[in-house]
Number of protein chains: 2
Amino acid sequence: MKLSANEEYGLRCLVRIGYAGEGGSLTIPEISQAEGVSPSYAAKILRVLRKGGFVKAARGKEGGYTLARPAEAIVIGNVIDALGGRLFESKFCDSHSGQAAICTRSVDCSVRSLWRAVQVAVDHVLSKATLRDLLQNEEDMNSWVRTIPGPAGLRLVQ
Amino acid sequence: MKLSANEEYGLRCLVRIGYAGEGGSLTIPEISQAEGVSPSYAAKILRVLRKGGFVKAARGKEGGYTLARPAEAIVIGNVIDALGGRLFESKFCDSHSGQAAICTRSVDCSVRSLWRAVQVAVDHVLSKATLRDLLQNEEDMNSWVRTIPGPAGLRLVQ
DNA sequence: GCTAATCTGTACTTTATAGTCAAGATTGCC
DNA sequence: GGCAATCTTGACTATAAAGTACAGATTAGC
């Protein structure tokens, strides 16, 4: 249960572009240097963000990357989704691949229920947080964390 | 944010051994066939579970794997930990490696706070669930999920 | 239209994870 | 002791993820 490099760097690049403000833009060299990754790699990640519709790219002189939408309209869950595939996507726990038949044995049921509970917990954080939340300072950050409903949401698992 | 094969198969193997009941044991061929993996791979995973102290192995005829402790004394969070490294362990978000200095730039702070919130949410599920919970049927399963406290726990993030 | 700055795409190399193999060690039973 | 069943170990191969290199396309400004 680890973060992929794509998820980590992708989100960081996005936050950095967000910090550039409305209409502000950053170039690949600027971003790659700030994040300490090679320009090629930054470009690769930024391409994913662009294809996901989170940033816009402008070529040529004065070019660079800008947010494609206002920060409050960018849900972090969707960003992570685009960067690293679906949350907890797995070849085993495949409620999405229509292989319901595999859930006849109890081991499958138990484990899948657990992963579902974890996924719901994660989604509760990531689907509520927007890029705007990440652009506040740390103190403000914690305020939205406190607003996450607990048992009510988790009950959805069943 | 994906599950590793180790985490998925490891937990499944453990649950399967748990289903064998108190003192019941399963051999590598039995487990590997049930899970649809090669005996070699099952052996590799079971080694991790053994070194983690979750199962005991007996060699020779009548040998096999047994739970090392009662199911209610096995916390799933610890199992996942042993199988796949620390939750959300990352070379970036390294509050564990004492590199606090990296948190001077706001991008680092924002992103790390987010991951911390996610980790807390995940821990709330995994540190409360025991193997015993997974051995119940699915209906019973959901009952412990409902008991997870929400905002109270997440407030710990700050 | 030329030039320099910038993004875009593909192909490549490196490294980590997943999964396999085979020889060795232990145990229970005869 | 000998045999068969079983776990143990380390080395090996295959596949996926991480990261790099480079040639090409686009644009702003002159």
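The values are calculated or read from the model by the stated rules, or taken from the named source; none is laboratory data. Everything numeric here is computed off the predicted structure, so don't read it as measured data. Here the Cβ is made from the backbone with ideal geometry for all residues, glycine too, and neighbour counts use every protein chain on show. When the accessible area is computed, the model is the full protein with side chains, heavy atoms only, and any ligands, DNA or RNA have been set aside. Shrake-Rupley method; radii C 1.70, N 1.55, O 1.52, S 1.80 Å.
For the reader, a short list of remarks on this structure follows.
- Ranked order, A:ASP123, B:ASP108 - accessible area, probe 1.4 Å, largest first: A:ASP123, B:ASP108
- Only protein heavy atoms count here; on that basis, with a 1.4 Å probe, A:SER40 has an accessible area of about 90 Å².
- Each Lys or Arg adds one and each Asp or Glu subtracts one; over the other residues with Cβ under 15 Å from the Cβ of B:LYS51, this totals +4.
- Using a 7 Å Cα-to-Cβ projection, B:SER38 label spacings across copies, nm, ascending: 3.2
- Rounded to the nearest 10 square angstrom, A:LYS44 shows an accessible area of 120 square angstrom against a 1.4 Å probe.
- Above-threshold pairs, the threshold being 27 Å between Cα atoms, out of A:LYS44/B:LYS2; B:LYS56/B:LYS128; B:LYS61/B:LYS128; A:LYS2/A:LYS61; A:LYS128/B:LYS51: B:LYS61/B:LYS128; A:LYS2/A:LYS61; A:LYS128/B:LYS51
- For B:HIS124, solvent-accessible area (1.4 Å; no DNA, RNA or ligand), Å²: 30 Å²
- Inter-chain Cβ neighbour average for residues A:12-20, partner chain, 10 Å: 3
- Accessible area that becomes buried as A packs against B, both chains, 1.4 Å probe, Å², nearest 100: 5400 Å²
- Each copy carries a label point for B:GLY21 at 7 Å from Cα toward Cβ; from one copy, the others' points are 7.2 nm away, ordered from shortest.
- Accessible surface area normalised per residue over region A:1-89 is 46 Å², counting heavy atoms of protein chains with a 1.4 Å rolling probe.
- Averaged over the residues of peptide B:2-9, the number of Cβ atoms from other protein chains lying within 10 Å of each residue's Cβ is 5.
- Position B:LYS61: other-copy label points at 8.8 nm, ordered by increasing distance, label point 7 Å along Cα→C-beta.
- For GluC sites (Glu not before Pro), the sites in region B:17-51 that DSSP calls loop and that have at most 13 other Cβ atoms within 10 Å are B:GLU22.
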